[in-house]
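The values are calculated or read from the model by the stated rules, or taken from the named source; none is laboratory data. Only a predicted model underlies this, so the values are computations on that prediction, with no experimental measurement involved. Here the Cβ positions follow ideal geometry from the backbone for every residue, glycine too, while neighbour counts run over all protein chains shown. Heavy atoms of the whole protein, side chains included, go into the accessibility calculation; ligands, DNA and RNA do not. Shrake-Rupley method; radii C 1.70, N 1.55, O 1.52, S 1.80 Å.
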Amino acid sequence: MTTVTKPSTESLLVRRPGPRELHPVRTHRRRRALELSLAVAVPLLLILLWQLAASQAWIDERVYPAPSTILADGWDRAAAGDLWPDVWATLKRVLAGYTAGTAAGYALGLLMGSLPLVRAALEPLLDALYVVPKLALLPVFLNMFGLGEGPQVALVAATVFFFVWISTMSAVIAVPTGHRDAGRVFGASPWQMFRHVLLPASLPQVLVGARIAAGVAVLVIVASEQIAATNGLGHLIFDSRALFQNDVMFVGIVCVAVLGVLFSELIRLVGRLLTPWAPRDRGRGQS
């Protein structure tokens, strides 16, 4: 910003355009490249520090294997086919439970958000159940479904249900009254009100809750597989720890991290495709 003084003692503030205004596309690309570089560089730096600490014996490699050791062991197990059954078992449980929990949570959240009497009847009960640690429900599901896949899937579904229910109900309640009034003025039927008003207005927030639920679902299934499963990544992690196979344990942890990130990013991608009108929920590329 430049101050220009005229002979008549008048001061004018002249704002000169910066790089963002002069070259918006170039500035956007540079900012995106910088943010992507930081996103890659920080984890890579931490991994290199871990590798250095292990190679210099700053940490006990028997307890904290070097990243190169973990990578080599994971590659060997994957090539031998020993890793994929556990990955598939965990993924299958997560997908089944996530689908059931999302469907139930969205349906009930939409109903309770739209009908105050239903919300008044059910919200206290669901609030009380929400604060119960979900792993505490595993014995209940074991009694209901017995050993096998049922308790694992039910636990994931119960966990996902509450995240999706809360986000959906809150999103529907937060739809501005003016939007609803406009639909009524134009004579919208209940289906048209849902299709053209409630759905587009609430869906972005609902999908944010669904993405958070995706990450939590992976966390819950790992803990559940430790207690009541004979396969899966959770079983692999805790069984390896009991046998002092720490390199295998870290392979399982890395697989869980990758699975959680990919699943969460998949939900984010679906959200962008379904709601192109909504603002992005991360800062990259917005500057």
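Listed values, structure above:
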read-out	value
Rounded percent of accessible protein surface that carbon and sulfur make up, the chain, 1.4 Å probe	69
Given (i) 57; (ii) 66; (iii) 46, the label whose value is percent of Cα pairs over 24 Å apart derived from this model	(ii)
Charge-dipole axis of region 125-231 as Lys and Arg at +1 and Asp and Glu at -1 on Cβ define it, positive-most pick from 167, 217, 191	191
For the chain, size of Cβ-based charge dipole, Lys and Arg +1, Asp and Glu -1, in debye	1640
Calculated over region 8-62: convex hull of Cα atoms, volume per residue (Å³)	123
Candidates 122, 12, 91, ranked by Gaussian network fluctuation over the chain, Cα under 10 Å, top entry	12
Tail fraction, Cα-Cα pairs, region 100-222, threshold 23 Å, whole percent	38
Largest-first principal axis extents, alpha carbons of region 1-136, Å	81, 65, 28
GNM result for the chain, Cα springs below 10 Å: residue of 222, 256, 270 fluctuating most strongly	270
Residue-normalised accessible area of the chain, expressed per residue, 1.4 Å probe, Å²	60
Max mean-square fluctuation residue, GNM over the chain, Cα-Cα springs under 10 Å, options 147, 111, 125	125
Nearest-20 debye value, region 55-149 charge dipole, Cβ charges on Lys, Arg, Asp, Glu	360
Total charge dipole magnitude, region 73-120, about the Cα centre, Cβ charges on Lys, Arg, Asp, Glu only, Debye to nearest 20	400
Value at 222 nm in deg cm²/dmol, rounded to 500, when DSSP H runs of n ≥ 4 in the chain each add -39,500 (n - 2.57)	-25000 deg cm²/dmol
Rg/Rg_globular for region 163-287, with Rg_globular taken as 2.2 N^0.38 Å and Rg from C-alpha atoms	1.48
Protection-proxy order for peptides 73-80, 162-169, each taking the mean of Cβ atoms within 10 Å per residue, highest first	162-169, 73-80
Relative contact order (percent, whole number), the chain, Cα cutoff 8 Å, 6+ residue spacing	21
